[in-house]
Amino acid sequence: MTREDDKLNYVFNKLPEDIQDKIESDVDFYLLGEGDLGGCIGYTDKYCIIINCPLIPNLRTFRYTIAHEVAHYILGHGHIKRTDSISKNNQDEKEADALAEKWGFTLEE
Ligand SMILES: [Zn+2]
């Protein structure tokens, strides 16, 4: 298991059990590492969550980002059409933030 898997599992284990089951069968995670320009996803029938790890400053932000992206999926916000960095203020973002916080993930100590 890689260090990245450990970080991902920490988030999974904090999510409600029904959500864990759903994520396991329906979602693929792609964690880009230092020096990765991109990943080849190919064809998939799963919802894809891609995290550009080198842009994430610390572990708390990593965990929060995973939970936030999972929240988008659970809330039915659709397949990836755009990245969060260019759509930070819309309603979907506020809802995903709220659900991530409900699961116990926050950006503040
Ligand atoms: Zn978002």
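Key figures for this structure:
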{"quantity": "Test: residue in the stretch 36-59 that is out of contact with any Asp or Glu (no Cβ under 9 Å at 6 or more places or on another chain) and in a helix (DSSP H, G or I)", "calculated": "yes"}
{"quantity": "Top-ranked residue of the stretch 76-105 - restricted to ones that are at pLDDT below 90, assigned to a loop (DSSP other than H, G, I, E, B) and surrounded by 12 or more Cβ atoms within 10 Å (Cβ to Cβ), ranked as nearest to the ligand (Cβ to nearest atom)", "calculated": "H77"}
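The values are calculated or read from the model by the stated rules, or taken from the named source; none is laboratory data. Since the model is a prediction, treat every value here as computed from it, not as a measurement. Neighbour counts run over all protein chains shown; Cβ positions are idealised from the backbone, glycine included.
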